[in-house]
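Everything below concerns the one structure shown next.
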Amino acid sequence: MRIPARFAPILFGALLSMIMVAVVTAFVLAINQGLHPGFFAQWSKSCMTTWPMAFVTVTIVAPLVRKAVSKVTG
């Protein structure tokens, strides 16, 4: 099953924000609290509560950043 190309910006924002949230929350939790028995549960909760904001931000900001980069580089 292929997703239509018109959904590419939304899929891009979803995947990029998921990856960034997962990496950053794991890093911050590990630095601040270390790896402990409840780490995975706390990390999962942190990801689930943070991801919606990250998704909205990436979806809104990415086109603006692309335009700014194209002006500076092209």
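Rounded to the nearest angstrom and listed largest first, the equivalent-ellipsoid semi-axes of the chain from its Cα gyration tensor are 30, 16, 9.
Evaluating 6.51 cos²θ - 1.76 cosθ + 1.60 at θ = phi - 60° for every residue in segment 22-37, the Karplus couplings come out as 4, 5, 5, 5, 4, 5, 5, 5, 5, 5, 7, 10, x, 7, 10, x Hz, glycine and proline recorded as x. Using R0 = 35 Å, the C-beta based FRET efficiency linking Phe7 and Val28 works out to 0.70.
Within the accessible surface of the chain, defined with a 1.4 Å probe on protein heavy atoms only, the carbon and sulfur portion equals 77 percent. With respect to the chain, whose longest principal axis is taken over its alpha-carbon atoms, helix 39-73 is tilted by about 20°.
For Ala8, what is the net charge nearby, where nearby means another residue's Cβ is under 14 Å from its Cβ and Lys, Arg count +1, Asp, Glu -1? Summing Lys/Arg as +1 and Asp/Glu as -1 gives +3.
Taken per residue, the accessible surface of the chain reaches 79 Å², heavy atoms only and a 1.4 Å probe.
The values are calculated or read from the model by the stated rules, or taken from the named source; none is laboratory data. What you are looking at is a predicted structure, and each value in this text was computed from that prediction instead of being measured. Glycine also receives a Cβ, built like all others from the backbone with ideal geometry; neighbour counts cover every protein chain displayed. Side chains included, ligands, DNA and RNA excluded: accessible areas come from the protein's heavy atoms. Shrake-Rupley method; radii C 1.70, N 1.55, O 1.52, S 1.80 Å.
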